[in-house]
Amino acid sequence: MATPVRAAVLTGVEEKFRFEDLILDDIRPDEVLIKIAATGLCHTDLAVQHGDIPGPFPFVLGHEGSGVVEQVGDHVTGLAVGDAVTLSFASCRDCRNCLAGHPTNCLNLYPLNFFGVRGDGSTTFSRPDGGAVHGSFFGQSSFATYAITSATNVVKLPDGAPVELVGPLGCGFQTGAGTILNTLKVQPGSTVVVTGAGAVGLSAIMAAKIAAATTIVAVDILDERLAIARSLGATHTINSREVDAIARIMEIIPGGADYGVDTTGVATVIESLLQATALGSRIALVGVPRPGQTVNLGLISASGKTIVGAMEGDCVPQTFIPQLLALHRAGQFPFDELITSYSFEDIEQAIADTASGKAVKAVLVMPD
Ligand SMILES: [Zn+2]
Ligand SMILES: [Zn+2]
């Protein structure tokens, strides 16, 4: 049966989110209906709002949803009505990369996550007058009170997990942590530089400490963020507005760092990171760049180095998110400290606070 939902709809680039009452389609046999409890706000949502990622409009965004299973399709196994779950990105689980255990590199990643429709081209949302509204963003579109998602997006939560806080594990937090633990496989006793101390960068810093890196340098332009970085495991912090970051890193780590993680997507920052990493180092690029940006690799600064574009921390969410929750219970991955909660209706305030740096990770809590 179709479900009435309240959704935050984006009607075009640089528009504000507007609340509308929409109709959510019936679920298909391989889908699940989730009553959303809360959803994180991620820079990828804002990249669509600002036109850095093209969106089909009108569009319901949101891709860090968590909640409770409300209906289960006939072909779905392992999930039941009432299960507390969190959602992640969509992957086909059928291409060679998915089959090799790397769904973050799914060959169908773009159509499944960004085109605003299901695999068969249908939309999950419609307006009461019958007009289509695009959804299926990251296979979920969680800026709505209910979401239809493929069962492969759903991660069942262990008992006692805080359902209103876990949504960002499905994107921002798993991206930062997975880049360190899965993509770069940071080794004990090594040196790591992380540029950008937002939700992804701070997750990377927590993970670098878990991986027993002994020198962890955080670079940002906001002192408050650098203070958080230090509290989470950064051994050194650099405000790159105030000092020459490359010179300072080379002072802390003579010869340059073993690993670099860029979460800013800013070309000049990436170029600096390349100069501050050692021969033989591995550098992961995670930040979403503005369209048209190019990075000057500089054959000298790139030589002997491996540069990898990393998405969603090269993880399988169904195994990685429970690991992160176990680390959270053990006090080693205190992601909840990064979260500021807002009512769903205050989405524009959450966006403003994210832009100003006041909120590291905004989470929108749905009305009951
Ligand atoms: Zn995201
Ligand atoms: Zn695939």
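The values are calculated or read from the model by the stated rules, or taken from the named source; none is laboratory data. No experiment lies behind these values; they were computed from the predicted model shown. In this analysis, Cβ positions are derived from the backbone assuming ideal geometry, glycine residues included, and neighbour counts consider all displayed protein chains. Calculation scope for accessible area: heavy atoms of the full protein, side chains included, ligands and nucleic acids excluded. Shrake-Rupley method; radii C 1.70, N 1.55, O 1.52, S 1.80 Å.
If the reach is capped at under 13 angstrom between alpha carbons, list the aspartates and glutamates near LYS358, excluding any in the same chain fewer than eight residues apart.
Hits, sequence-local ones excluded: ASP223, GLU224.
Assign one of three labels to region 261-368, namely rounded, prolate or oblate, based on the Cα gyration tensor with a ≥ b ≥ c the square roots of its eigenvalues; rounded applies when a/c is under 1.5, prolate when it is not and a/b is larger than b/c, and oblate otherwise.
Values: a/c = 2.76, a/b = 1.59, b/c = 1.74.
Taking the square roots of the gyration eigenvalues as a ≥ b ≥ c, region 261-368 is oblate.
For ILE216, enumerate residues with amide H under 5 Å from its amide H, sequence gap 5+ or separate chain, H modeled in the peptide plane.
Under 5 Å from the amide H of ILE216 lie the amide H atoms of VAL192, THR235, HIS236, each far enough along the sequence or on another chain.
Taking DSSP loops as anything outside H, G, I, E and B, show the longest stretch in the chain free of trypsin sites (Lys or Arg not before Pro) there with at most 16 other beta carbons within 10 Å. Don't skip to the end; give the middle numbers.
Details: sites that count: LYS16, ARG93, LYS185, ARG241, LYS358.
The longest uninterrupted stretch comes out as 242-357.
Amide H of GLN71: which non-local residues (sequence gap of 5 or more, or other chain) have their own amide H closer than 5 Å, using H built in the peptide plane?
Hits under the 5 Å cutoff: LEU33.
For the chain, take the longest principal axis of its alpha carbons; what is the angle in degrees between that and the long axis of helix 317-329, to the nearest 10 within 0 to 90?
It is inclined by approximately 70 degrees.
Taking GluC sites (Glu not before Pro) that fall in a DSSP loop and have at most 10 other Cβ atoms within 10 Å as cut points, what is the longest piece of the chain between them? Display every interim value, and only then the final one.
On the way: sites that count: GLU14, GLU242.
The longest such stretch corresponds to 15-241.
Tally Lys and Arg at +1 and Asp and Glu at -1 over the other residues with C-beta under 15 Å from the C-beta of ILE321: what net charge comes out? It would help to have the intermediate numbers written out before the result.
Working: positive: LYS156, ARG329; negative: GLU64, ASP83, ASP159, GLU312, ASP314, ASP336.
Combined, the nearby Lys, Arg, Asp and Glu give -4.
So what is the accessible area of the chain per residue, in Å², with the probe set to 1.4 Å? Walk me through the numbers on the way to the answer.
Values: 14930 Å² over 368 residues.
Accessible area per residue, the chain: 41 Å².
Can you pull the percent of the chain's accessible area that's carbon plus sulfur, 1.4 Å probe, other chains left in place? Spell out each step's value before the answer.
On the way: 8010 of 14930 Å².
Carbon and sulfur together cover 54 percent of it.
In terms of the Cα gyration tensor, with a ≥ b ≥ c the square roots of its eigenvalues, is region 27-169 rounded because a/c is under 1.5, prolate because a/b exceeds b/c, or oblate? Don't skip to the answer; put the middle values down first.
On the way: a/c = 1.29, a/b = 1.17, b/c = 1.11.
In terms of gyration-tensor shape, rounded.
Quick one: helix 223-232 against the long Cα principal axis of the chain, what's the angle to the nearest 10°, folded into 0 to 90?
90
Could you tell me which residue out of THR354, GLY331, GLY309 lies farthest along the dipole of region 309-368 toward its positive end? Charges go on the beta carbon: Lys and Arg +1, Asp and Glu -1, centred on the Cα centre.
Positive-end residue among those listed: GLY331.
Just check the chain against the gyration tensor rule for me: Cα atoms, a ≥ b ≥ c as the square roots of the eigenvalues, rounded for a/c under 1.5, and otherwise prolate or oblate depending on whether a/b exceeds b/c.
Details: a/c = 1.81, a/b = 1.71, b/c = 1.06.
Verdict is prolate for the chain.
Taking H as built 1.01 Å from N, whose amide H comes closer than 5 Å to the amide H of PHE333, not counting residues under 5 places away?
Amide H neighbours of PHE333: HIS328.
If you fit an axis through the alpha-carbon atoms of helix 199-210 and take the longest principal axis of the Cα set of the chain, what angle between them do you get, 0 to 90°, nearest 10?
Between the helix axis and the principal axis of the chain, the angle is about 60 degrees.
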